[in-house]
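Take a look at the structure set out below.
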Amino acid sequence: HAKSQGANRYLFFNDSMNKQAVKRLQLENLIRHGLKEDYFAVYYQPKMNIVSGQLAGVEALVRFITPKGGVISPASFIPVAEETGQIIEIGEVVLRKACQAVKGWIDQGLFHGRVAVNLSSRQFSLPFLCEQIDEILQQTELPSYHLELEITEGTVMQSPPQAIDTMKKLRARGIHLAMDDFGTGYSSLAYLKQFPLNTLKIDKAFIDDMKSARGRNMVDTIMTIAHNLSLSVVAEGVEQPEQLQQLSKLRCDVIQGYYYSKPLSAQELTQFLQQQKQRSKPTLVSLT
Ligand code: C2E
Ligand code: MG
Ligand code: MG
Ligand code: MG
């Protein structure tokens, strides 16, 4: 009997599963190597205020830069990093780099807004999260009100009372809080009003759905709920001018997406900010 079980167990690890396990292990090793060699970079995606058409802030998005200069998107390594716990170290690197870069843009008079940094569930539940953030803000000399943190429904619904506690501590420091990918997870409306949030980010899937009347009604409803709770609304993944028009009609506050800008490297964002500054300068009228 034991022998047949053993045989079954052997069969269980078929070829494709083996390949998957190998791939996962390779990725884990690559991440460890990347952390040691500083291969993680932060890109910044500008967000636009719909009413003013001006820059509303930026979202920090992690990238893995290979030695040959290739860029690996987080979709391929974040899930593994979440599993192995490496996301905690990656998250700290991202937070430090983003705060440092933003401090630089502020000092150059190029930036006045907030940088939004994504927090993974594991990072958010770290018992020393607030202390870690305090330390990074102190080291980088970035005032806390320039920082925003993005968390998902899944993260806060794991243990709502504890999440509320952590969120209150972060808010007490002047840090803004946004709920990311809203509508894709499960969070109850009863909790939504108890979470001390500043912003709701409506997931791209809902913005894509605005082609239909039902889809537009859905976004309208989310917008109403958010505004009734005094939350500002960011629409994610806005690509088309028609989407911007519809969102403007629905009184959406901020858009983020390729329509305005794709995520930019630190160097590219510096240029973007310089152009913004030029454009918003009032023209001097000669009186002579
Ligand atoms: P997210 O936080 O919802 O970030 C928005 C994603 O949408 C980004 O993908 C961005 O590049 C993409 N995006 C923005 N505008 C458009 C658009 O108009 N069209 C399309 N098709 N896509 C658009 P990205 O950078 O690949 O990041 C994917 C996800 O990985 C993020 O989703 C976030 O959940 C996670 N992530 C990224 N950076 C970090 C990080 O530093 N820490 C953690 N924990 N997660 C991160
Ligand atoms: Mg985000
Ligand atoms: Mg998002
Ligand atoms: Mg999203």
task = Scan the range 140-153 and give yes if some residue there is within 27 Å of Ala56 (Cβ to Cβ), among the small types (Gly, Ala, Ser) and away from ligand 3 (no atom under 16 Å from the Cβ), otherwise no.
result = yes
key: Those residues of the range 19-51 which are within 16 Å of ligand 2 (Cβ to nearest atom) and assigned to a helix (DSSP H, G or I), in sequence order   = none
task = Report whether or not Gly113 is away from ligand 3 (no atom under 16 Å from the Cβ), over 24 Å from Ser159 (Cβ atoms), in contact with a strand residue (DSSP E or B) (Cβ under 6 Å, 6 or more places away or on another chain) and not in a helix (DSSP H, G or I).
result = yes
note = Within the range 231-263, residues part of a helix (DSSP H, G or I), within 15 Å of ligand 1 (Cβ to nearest atom) and surrounded by fewer than 17 Cβ atoms within 10 Å (Cβ to Cβ) come out as Pro241, Glu242
note = The residue that is farthest from ligand 2 (Cβ to nearest atom), considering only those in the range 174-221 that are under 17 Å from Leu247 (Cα atoms) and among the aliphatic types (A, V, I, L, M), is Ala213
remark   = The residue that is modelled with the highest pLDDT, considering only those in the range 176-192 that are of a type outside the set (A, V, I, L, M) and exposed (fewer than 14 other Cβ atoms within 10 Å of the Cβ), is Tyr186
inquiry  = With the requirement that a residue be in contact (Cβ under 8 Å) with a residue 40 or more places away in the chain and within 15 Å of ligand 3 (Cβ to nearest atom), what does the range 232-251 give you?
reply    = Val234, Glu236
task = Answer yes or no: is there a residue in the range 146-157 that is within 16 Å of ligand 1 (Cβ to nearest atom) and assigned to a loop (DSSP other than H, G, I, E, B).
result = no
inquiry  = Given the criteria out of contact with any Ser or Thr (no Cβ under 7 Å at 6 or more places or on another chain) and surrounded by fewer than 13 Cβ atoms within 10 Å (Cβ to Cβ), does Leu30 qualify?
reply    = no
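State all residues of the range 77-118 that are farther than 16 Å from His146 by Cα and buried (at least 20 other Cβ atoms within 10 Å of the Cβ); if no residue qualifies, say none. Working first, answer last.
As a first pass, look at the range 77-118 and keep what is farther than 16 Å from His146 by Cα: 77-93.
Scanning the range 77-118 gives Phe77, Ala81, Gln86, Ile87, Ile90, Gly91.
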message = If I go through the range 180-212 residue by residue, how many of them are in contact with a Gly (Cβ under 6 Å, 6 or more places away or on another chain) and of a type in the set (Asp, Glu)?
response = 2
request  = Tell me which of these Gln276 doesn't satisfy, since it passes every other one: (1) assigned to a loop (DSSP other than H, G, I, E, B); (2) surrounded by 12 or more Cβ atoms within 10 Å (Cβ to Cβ).
outcome  = (1)
request  = Considering only the range 195-206, state which residues are more than 10 Å from ligand 4 (Cβ to nearest atom) and among the β-branched types (Val, Ile, Thr).
outcome  = Thr199
task = Among the residues of the range 171-228, count how many are acidic (Asp, Glu), farther than 21 Å from Thr155 by Cα and either within 16 Å of ligand 1 (Cβ to nearest atom) or in a strand (DSSP E or B) (or both).
result = 2
message = Residue pairs, Cβ under 6 Å, 6 or more apart or interchain, first in the range 62-79 and more than 17 Å from Lys23 (Cβ to Cβ) and within 16 Å of ligand 3 (Cβ to nearest atom), second part of a helix (DSSP H, G or I) and of a type outside the set (Lys, Arg). List them.
response = Val62/Pro74; Val62/Val94
request  = Just name the residue that is farthest from ligand 4 (Cβ to nearest atom) out of those in the range 52-79 that are touching a helix residue (DSSP H, G or I) at 6+ places or on another chain (Cβ under 8 Å) and more than 12 Å from Gly34 (Cβ to Cβ).
outcome  = Gln54
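The values are calculated or read from the model by the stated rules, or taken from the named source; none is laboratory data. Keep in mind that this is a model prediction, so the values were computed, not measured. Counting neighbours? That spans all protein chains shown, and the Cβs are built from the backbone with ideal geometry, glycine included.
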